[in-house]
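First the structure, in the form of structure tokens, and then the observations on it.
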Amino acid sequence: MVNRGRAADKIVTLDGLMAALEPRRSAGQRVAFTNGAFDLVHVGHLRSLEQARAQADLLVVGVNSDASVRSYKAPGRPIVPQAERAELIAGLACVDYVIVFDEPTAERLIQQVRPDVYVKGADYATKALPERPLVEAYGGRVVLIELEAGRSTSGLVDEIMNRFGSAHPSDDQGS
């Protein structure tokens, strides 16, 4: 059996997450929560997650399942399978727990976890954030953080297609 290390240990079920949060909350720690597809992880993701973590004592990240991503992203997405996306996000020092979820929004998770702070990108200042009423109803805070300009998975996919769309795959399998 391969030991995947600390990152895999941070990927939890809902029951596991609730059990892990209880003693931390009892100790007075505040929980921040954010979510997304995190398909091709890039520096914009890292910086957003670091900002989210700065909002509370610990950070829980919901990663959309493959089925969930397929329901709202472009055809062919996700590129990276959910288990790998979750492990990559769990490997970041600013992330305390990762949970994969199947719904298109995080409402069910938020209802269960009840984070003190729900963090999303500032792009939600101009579009509906379905989780907002739920968070505010139990007294939580919604924080919108600035996104890293020019950094997105869609932008990366476009750039890769522009550069290599008609190129043949390299023989170099190690990079």
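The values are calculated or read from the model by the stated rules, or taken from the named source; none is laboratory data. Note that the structure is predicted; figures quoted are calculated from it, not measured. Quick reminder, even Gly has a Cβ in these numbers, built from the backbone with ideal geometry, and neighbours come from all protein chains shown.
Just to be sure before I move on: is Arg24 within 25 Å of Glu146 (Cβ to Cβ) and out of contact with any helix residue (DSSP H, G or I) (no Cβ under 7 Å at 6 or more places or on another chain) in the structure I sent?
No: the conditions fail for Arg24.
Under the condition of being on the phi < 0 side of the Ramachandran plot and among the basic types (Lys, Arg), which residue from segment 105-133 is modelled with the lowest pLDDT?
Looking at the filtered set, the residue picked out is Lys127.
Go through segment 98-120 and count every residue that is of a type in the set (Ser, Thr, Tyr) and closer than 11 Å to Ala32 by Cβ.
Adding up the residues that qualify gives 1.
From Val31, Val41, Val60, which residue is within 21 Å of Glu107 (Cα to Cα) and within 12 Å of the chain's Cα centre (by Cα)?
So the residue among Val31, Val41, Val60 that is within 21 Å of Glu107 (Cα to Cα) and within 12 Å of the chain's Cα centre (by Cα) is Val60.
Being under 20 Å from Val135 (Cα atoms), touching a Leu at 6+ places or on another chain (Cβ under 9 Å), surrounded by 15 or more Cβ atoms within 10 Å (Cβ to Cβ) and among the small types (Gly, Ala, Ser) narrows it down to one residue among Ala32, Ala56, Ala7; which is it?
Numbers: Ala56 fails: touching a Leu at 6+ places or on another chain (Cβ under 9 Å); Ala7 fails: under 20 Å from Val135 (Cα atoms).
So the residue among Ala32, Ala56, Ala7 that is under 20 Å from Val135 (Cα atoms), touching a Leu at 6+ places or on another chain (Cβ under 9 Å), surrounded by 15 or more Cβ atoms within 10 Å (Cβ to Cβ) and among the small types (Gly, Ala, Ser) is Ala32.
For (1) of a type in the set (Val, Ile, Thr); (2) out of contact with any strand residue (DSSP E or B) (no Cβ under 8 Å at 6 or more places or on another chain); (3) within 19 Å of Asp102 (Cα to Cα), each residue gets a yes or a no:
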position	(1), (2), (3)
Pro23	no, yes, no
Ala37	no, no, yes
Glu50	no, yes, no
Val60	yes, no, yes
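Condition test on Met1, is it at pLDDT below 95 and over 21 Å from Leu129 (Cβ atoms)?
So Met1 passes the test.
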